[in-house]
Amino acid sequence: MSTLFDPLQVGELTLANRIVMAPLTRNRAPNAVPTALMAEYYTQRASAGLLITEATAISHQGQGYADVPGLYGTEQLDGWKRITSAVHQAGGKIVVQLWHVGRVSHTELQPAGAAPVAPSAIAAKTKTVLIKNGAATFVQTSMPRALLADELPGIVHTYQAAARNAIETAGFDGIEVHAANGYLLDQFMKTSANQRSDDYGGSIENRARLTLEVTRAIVDAIGGGRTGIRLSPVTSSNDIGDEDPQALFNYLLRELASLNLAYIHIVEGVTGGAREVPERPFDYAALKRAYRMAGGRGAWMVNNGYDKAMAEQALNTGADLVAFGRPFIANPDLVRRLHDNAELNTPDNATFYGGGAKGYTDYPTRQQSSTSA
Ligand code: 8OZ
């Protein structure tokens, strides 16, 4: 029986253990440029089998929050290169999560103050963050405009270019397609945000098309063995929802099966919230079966509110990797602590988004706690 602490080959990535650091937005990249402090933060956590970066915009249009990083300019790529080098030096593996927020944005964050883009001109009833006079301010997202069908190849190409740059220039081990949490790809997939009447709306096949085109284009550029995808079938994040998520995601997973992806990353339940949603039941085992029966061999990564006991249980019932979010914020040495059944530091919600070293790089390892006491 494998444990959390056993190594695993995941596509082209050789992971030291099954413990993954989940993507975590931290809003500490002014002007979208990754910093030395971010390098310190990721390097502190390099004992994870795999680090998945915070969501990272593939274009200025893909930006939706103040001080989140990008991957579309030279300075941004240079910043990430310093981070991947430091993580590799520390023996870690790191993939970047590729992000286009779609409608979850504000005109002030968009090129030339334009409207954010979306499958349809339907506003998300959700907020984003701007910095006003140095302070984070929550504002309603702006009314988006519907993307024209002839703009979609450009979006696919932008994802592909970001993936190529991520590997060739920024030195990442791989990429994760962010197709979860109510952002652009999830907006196209789900009925609450997509009312299109062209080849990208209506049927499940049409709504899944953009996600599949993006993933295929990335696989063509960097190979399936360096590509993962994150999905959240029933989350309500960012005002998203679908009438029949089981049918939608079973179809998507059957289509993804032939791409030889490194991993499939599933957020179970509401992202960062309830794992069980009584009004939106979902059979994750059936989803996995759909993928495996279609020939999918990628590692199965589960996420959302796991502790050690739940993670071990998941491995015993067929998961390959477990992604931890908040525990990794507060415990740079989470792998060691889980291994030793040690107590965990408690994360401080007030410093999750924005700020500096406080609540970011100053959580002590167990060793630091014992020597400073
Ligand atoms: C929290 C705050 C802002 C963005 C996600 C990228 O939910 C995010 C995010 C999370 O995937």
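Nothing in this text is a laboratory measurement; each read-out follows from the coordinates by a stated rule. All values reported here derive from a predicted model rather than from experimental measurement. Don't worry about glycine lacking a Cβ; one is built from the backbone with ideal geometry, like all the others, and counts go over all protein chains shown.
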TODO: At 0.36 nm per residue, minus the direct Cα-Cα distance, what do Lys81 and His339 gain on full extension? Give it in nm, one decimal, please.
DONE: 89.8 nm
Task: Gain upon complete extension [Arg275, Lys132; 0.36 nm per residue less C-alpha separation] - done: 48.0 nm
TODO: Starting from the amide H of Asp6, placed 1.01 Å from N in the peptide plane, find each other amide H under 5 Å away whose residue is 5 or more places distant or on another chain.
DONE: Arg18
Task: Extension gain, Ala149 back to Arg289 (0.36 nm per residue minus Cα-Cα distance, nm) - done: 47.1 nm
- [ ] Please list, in chain and number order, the residues 5+ apart from Ser105 or on another chain whose amide H is under 5 Å from its amide H, with Hs placed from the backbone.
- [x] Ser142
Open item on the list: Against the 2.2 N^0.38 Å scaling, with N counting residues, where does the range 19-149 land? I'd like the Cα-based Rg ratio to two decimal places.
Closed with: 1.11
Open item on the list: Can you tell me how the range 309-373 classifies by the Cα gyration tensor, rounded, prolate or oblate, using a/c under 1.5 as the rounded cut?
Closed with: oblate
Task: Geometric extent, Cα atoms of the range 59-110 - Rg, Dmax (angstrom) - done: 13.1, 41
Task: Size-normalised alpha-carbon gyration radius of the range 234-316, reference 2.2 N^0.38 Å - done: 1.11
TODO: Find out how many positive minus negative residues lie around Asn303, taking Lys and Arg as positive, Asp and Glu as negative, among other residues whose Cβ is under 12 Å from that of Asn303.
DONE: +1
Open item on the list: Net charge within 15 Å of Leu77 by Cβ-Cβ distance, Lys/Arg positive one each and Asp/Glu negative one each, not counting Leu77 itself?
Closed with: 0
Task: Inter-site label distance for Ser258 and Asn349 at 7 Å from Cα along Cβ, in nm - done: 4.6
Task: Rg over Rh, two decimals, the chain (C-alpha only, Kirkwood Rh) - done: 0.94
Task: Antiparallel DSSP beta bridges within the chain, as percent of all bridges there, nearest 5 - done: 20
Task: Mean ellipticity per residue at 222 nm, deg cm²/dmol - from DSSP H runs of n ≥ 4 across the chain, formula -39500 (n - 2.57) - done: -9500 deg cm²/dmol
Open item on the list: Antiparallel versus total DSSP beta bridges in the range 67-157: what percent is that, nearest 5?
Closed with: 75
Open item on the list: Considering all alpha-carbon pairs of the range 253-373, what whole percent are spaced by more than 18 angstrom?
Closed with: 62
Task: Cβ-based charge dipole, the chain, positive-most Cα from Gly171, Gln187, Tyr159 - done: Gly171
